[in-house]
Amino acid sequence: MKRILFLSLALFLGFLLTAAAWYYTKLEPGKPSPISAAVSNKEILTRLNGHATSLLAYAKQNKYNTSTCFMIDMSLGSGKNRFFVYDFQKKAVADAGLVAHGCCNKNWLNGRQYGNEVGCGCTSLGKYKIGYPYTGRFGRAYKLYGLDATNSNAFKRFVVLHSYGAVPNNEVDPLPICQSDGCPMVAAAFLQKLGKIIDQSPQPVLLYIFDKNW
């Protein structure tokens with residue numbers, strides 16, 4: 001009996017180690033995130049193109065960047081690339097990467113939950129103006145200003161765009177990635193790519209976080 005228990009425990013630990021090793025091979029520091037095959041999915045592209053129409057109109061009216069915007073599709077699993085760099089002119093996805101969402105002050109949030117209250121620890125849906133960069137506890141980060149009633153407290157909540165070492169460079173689906181306190185956290189290599197777009201833009205870049213049924 002003891003031998004059977006020992007073998008079962010050894011097999012279980014071996015499975016965990018194998019899974020962990022596979023997951024962390026996806027981190028590959030310094031390797032840029034590839035555009036996910038998911039962007040060829042017609043359903044995802046339809047959602048992105050649909051939101052892009054209203055975002056471009058908003059950008060023109062309010063003097064934001066009319067060449068590029070960022071969109072995060074929260075209906076996708078966190079292990080999939082769901083942070084999209086969208087080219088308004090080509091009506092196409094230019095790049096994509098992983099992004100973490102808020103845990104709503106739980107050890108681990110199952111499913112999705114959104115909030116705008118100060119201290120809620122949740123992701124807030126809506127449009128954001130990406131502001132100036134600064135150096136904080138996670139290195140270079142970008143201030144975010146909520147433009148809708150659903151994310152109006154983003155600046156007060158210290159919700160910013162930043163990188164985090166535990167966010168992989170490549171997709172790990174069906175496994176999830178880490179969760180945040182409400183900030184959209186990305187891999188360091190992906191933030192560098194986003195930063196070039198933000199820093200070189202003469203006008204503020206829009207970030208839009210949405211869910212499938214929102």
Looking at segment 34-44, which of its residues are at pLDDT 85 or above and open to solvent by 50 Å² or more (accessible area, probe 1.4 Å)? K42, E43
When the residues of segment 64-83 are narrowed to those that are within 16 Å of E171 (Cα to Cα) and of a type in the set (S, T, Y), which ends up least open to solvent (accessible area, probe 1.4 Å)? S78
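The values are calculated or read from the model by the stated rules, or taken from the named source; none is laboratory data. From a predicted model like this one, the values you see are computed outputs, not experimental measurements. Surface accessibility is based on the protein's heavy atoms, side chains included, excluding ligands, DNA and RNA. Shrake-Rupley method; radii C 1.70, N 1.55, O 1.52, S 1.80 Å.
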